[in-house]
Amino acid sequence: MPRPIILGVVGDSAAGKTTMTRVLVRILGEERVTAVSTDDYHRYDRKQRAERRITPLHPDCNYLDIMSQHLRHLRRGEPILKPVYVHADGTFGPPVYVDPKPFTIVEGLLGYHTAEIRRCYDVRVYLAPPEEMRRRWKVQRDTSRRGYTTDQVLKELDKREPDSAEFIRPQERYADMVVAFQPPDDGGGPDALDAEMILRDMLPHPDLSPFIGDGDRGITLRERGTERHIGVPGQMDRDIAAAIEEAIWGKLHFATHLRSDRLGEYTVGTELHRSESLALVQLLILYHVVTAKATIALGGVGPRADAGDADKKEKEKAVVEL
């Protein structure tokens with residue numbers, strides 16, 4: 001079996017990592033995806049962190065060496081015994097045996113912190129919503145799902161800010177895709193969030209220039225050196241959104257079985273919503289993941305410009321370990 005494809009989704013707490021990846025897992029097939037949270041590699045539980053006055057965002061609060069080792073094993077198609085962190089009460093559960101599947105999705109706080117970890121990914125995404133919106137999302141999530149009060153969440157956010165600035169946000173520079181959802185200038189609900197993307201040339205991105213439009217009817221595109229900055233209006237014309245999706249699916253003619261209307265879906269409470277901008281971002285990520293899988297299946301080293309160097313280092317590492 002060709003080696004698994006590894007997608008990384010990194011961002012600060014409540015940046016939208018799970019919302020971004022949940023539909024991708026369903027489209028690729030839960031039986032074909034290994035999901036790994038880097039939060040599982042915390043060194044201390046919630047009580048111990050409070051005693052030591054350390055936040056989970058600090059590298060010293062995480063077993064980054066074990067995380068790196070496990071990702072290398074998964075990349076080589078080897079099973080791991082993964083730790084489990086329980087967010088509900090901040091403790092650790094029993095470890096679980098994880099058998100690698102065709103796709104691995106890794107999400108968390110420090111997924112790009114070291115070069116050794118970064119070399120494990122085929123596709124690297126970083127989520128960077130405006131801080132005001134991220135803080136609002138974190139309050140909503142932690143008060144409704146994790147048993148915190150609003151004051152506790154806000155206090156914790158303030159305590160984490162120095163580590164966030166020093167260790168989390170700088171990882172953005174290592175991503176192939178940087179995604180920032182933000183409210184449009186004219187307001188609008190969560191269904192209408194604009195998406196600002198930075199696409200870097202470490203991956204061969206599809207050409208979206210034919211869909212540049214005016215106002216809220218199409219995307220915007222700006223070239224900045226080796227980066228493409230793309231703006232996707234949340235209230236984009238549905239016909240234009242459909243045309244962009246059709247063009248990208250046209251490049252995935254070998255994966256038409258994955259076509260799904262679930263792209264862009266998310267829930268608020270028990271209500272199901274759809275966002276055109278989220279759907280396009282998810283489709284771009286899916287494009288890279290599926291293209292990477294096809295490249296590996298045909299005997300290539302991977303889609304990234306440095307994929308050959310990454311696989312060479314992996315082979316050298318395997319020889320040393322043997």
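The values are calculated or read from the model by the stated rules, or taken from the named source; none is laboratory data. Keep in mind the model is a prediction, meaning the values are calculated, not measured. Note that each Cβ is placed from the backbone with ideal geometry, even for glycine, and that neighbours are counted across all protein chains shown. Ligands, DNA and RNA are stripped out before the accessible areas are found, and what is left, the full protein with its side chains, is counted by its heavy atoms. Shrake-Rupley method; radii C 1.70, N 1.55, O 1.52, S 1.80 Å.
At-a-glance table
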read-out	value
Accessible surface ranking that places the most exposed of Phe103, Phe92 first, with a 1.4 angstrom probe	Phe92, Phe103
Span-rule helices in the chain, defined as complete DSSP H runs reaching 15 Å or more along the axis (Cα) with Kyte mean at least -0.5	17-28, 64-75, 238-251, 276-297
Mean residue ellipticity (222 nm) of the chain, computed from DSSP H runs ≥ 4 via -39,500 (n - 2.57), nearest 500	-11500 deg cm²/dmol
Dipole of the chain [Lys/Arg +1, Asp/Glu -1 at C-beta], most positive-end residue of Tyr121, Leu64, Gly225	Leu64
Charge dipole of the chain about the Cα centre (unit charges at C-beta), most positive-ward option of Leu284, Ala35, Pro95	Pro95
Protein accessible area in the stretch 45-93, 1.4 Å probe - carbon and sulfur %	51 percent
Hits among aspartates and glutamates - C-alpha to C-alpha of Lys251 under 16 Å, sequence gap 8 or more where chains match	Asp207
Computed magnitude of the charge dipole of the chain (debye, nearest 20; Cβ of K, R +1, Cβ of D, E -1)	1000 debye
Using distinct alpha-carbon pairs, which all enter the 1/r mean, Kirkwood radius of the stretch 1-98 in Å	14.8 Å
Net lengthening on full extension, Thr149/Thr256 (0.36 nm per residue, minus Cα-Cα)	34.0 nm
Efficiency of FRET between Ala294 and Thr114 - r from beta-carbon atoms, R0 22 angstrom, step 0.05	0.15
Percent breakdown of C-alpha pair distances by 20 Å bin, ordered from the shortest bin, for the chain	31, 60, 9
Size of electric dipole in the stretch 17-100: Cβ of Lys, Arg +1 and of Asp, Glu -1, about Cα centre, debye, nearest 20	220 debye
Distance from the stretch 127-148 to the stretch 83-126 (C-alpha centre basis), Å	21 Å
Reachable aspartates and glutamates from Lys159, criterion Cα separation under 13 angstrom, eight or more residues apart if same chain	Asp151
R0 of 56 Å, Cβ-Cβ distance His229-Arg52: FRET efficiency to nearest 0.05	0.85
Range of Cα positions in the stretch 78-178 per principal axis (Å), largest first	44, 34, 20
37 °C / 0.692 mPa s Stokes-Einstein diffusion coefficient of the stretch 214-309, Kirkwood radius on C-alpha pairs, µm²/s	215 µm²/s
